[in-house]
Amino acid sequence: MIPQNLPSDTPQPTAVDSPTWANDSVCASPDLPAYAELYSLSNFSFLRAASFPEELVEQAHELGYSALALCDECSLSGIVRAHVAAKQRGLKLLIGSVLELRVATPQAAESRHAEFSESISDLRVVLLARTRRGYGQLSHLISCARRAAAKGGYWVDRQMVEDNLPEECFALWLPHSADAAERHACQAAWLQRIFGTNLRLGVQLHLQGDDRGELQRMTQLGNRFGITLCAAGGVLMHEPSRRVLLDTLAAIRLGRPLDKLGYAGGAKQRAPPARSRSACEALSTRAARGDGAHSRCL
């Protein structure tokens, strides 16, 4: 369980974090800090998430969120459904997408359409449109990424991002804390050069027993490169009842039996139930008083 009280010298994330689904219907308490979810995926992210966009919006509204960012992987397909649901409920909707940048292997470098199987992961970043122009830039980048790969896939690398710079987008870097320091340095230097003050470091805490350690590692990483921390949920479903579906989708995507899946399918990214919300948000109290990233987006 995440400790309620952290050491006084431990910096806090600057955008509030909390789960986006619950075991039961629990409305937001006035005693809890404001929260905007900056990283959620719907079932328009093929085989990666288990809830419809409107279900995510409905749950976010019920929990009293100030905003919800829908960030399907290299896609804006779920935005229309989310927009209709958010407009009906008066919930601020942020438009974004998560992209996995790749590096081609030498064998694939000459190919016109590079494939994931012929490449290695470089870095993962969430892009949130800050303005209407930013939405157009994000749409254009997604189109370029889809056109660069075979149907159903996408390809984006650092050069493509630089050639189609989404300068009106807010970037949320999602590093792996276990990666080598040299890898982090390479990623951070490039991201800071491209996005400047629109860059944040995403922190995802999911009550898995090492949240204090993960927060400290991310804090050290942020301090090392001067990047402000920003809490993110990595939401894959709106309620725990979709866990079976989520695991099944992951097993299909990875080609593994369910009993061999473990955490590889991304189930570890599930947010905790609503009754743990106050514990998670205790980590982000300072963020509620900050300039929240969502306030800089349309």
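Data overview
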| read-out | value |
| --- | --- |
| The stretch 115-274 shape via C-alpha gyration tensor axes, a/c threshold 1.5 | oblate |
| Computed over the stretch 149-229, Kirkwood Rh from alpha-carbon pairs, angstrom | 14.1 Å |
| Relative contact order of the stretch 123-191, defined on C-alpha pairs under 8 angstrom at six or more residues apart (%) | 44 percent |
| Residue-level accessible surface for His83, protein heavy atoms, 1.4 Å, Å² | 100 Å² |
| Amide proton proximity set for Asn43, modelled H, under 5 Å, gap of 5+ | Ser51, Phe52 |
| 1.4 Å probe accessible area per residue over the stretch 109-232, in Å² | 48 Å² |
| About the Cα centre, charge dipole magnitude for the stretch 92-250 (Lys/Arg +1, Asp/Glu -1 at Cβ), debye | 500 debye |
| 12 Å tail of the calculated P(r), the stretch 116-156, as % of Cα pairs | 65 percent |
| Sequence-distant residues sharing a close amide H with Ala148 (under 5 Å, placed H) | Trp155 |
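The values are calculated or read from the model by the stated rules, or taken from the named source; none is laboratory data. Quick caveat, the model's predicted, so the values are computed rather than measured. Methodologically, a virtual Cβ is constructed for each residue, glycine included, from the backbone with ideal geometry; neighbour enumeration extends over all protein chains shown. The accessibility values were calculated without ligands, DNA or RNA, using every heavy atom of the protein model including side chains. Shrake-Rupley method; radii C 1.70, N 1.55, O 1.52, S 1.80 Å.
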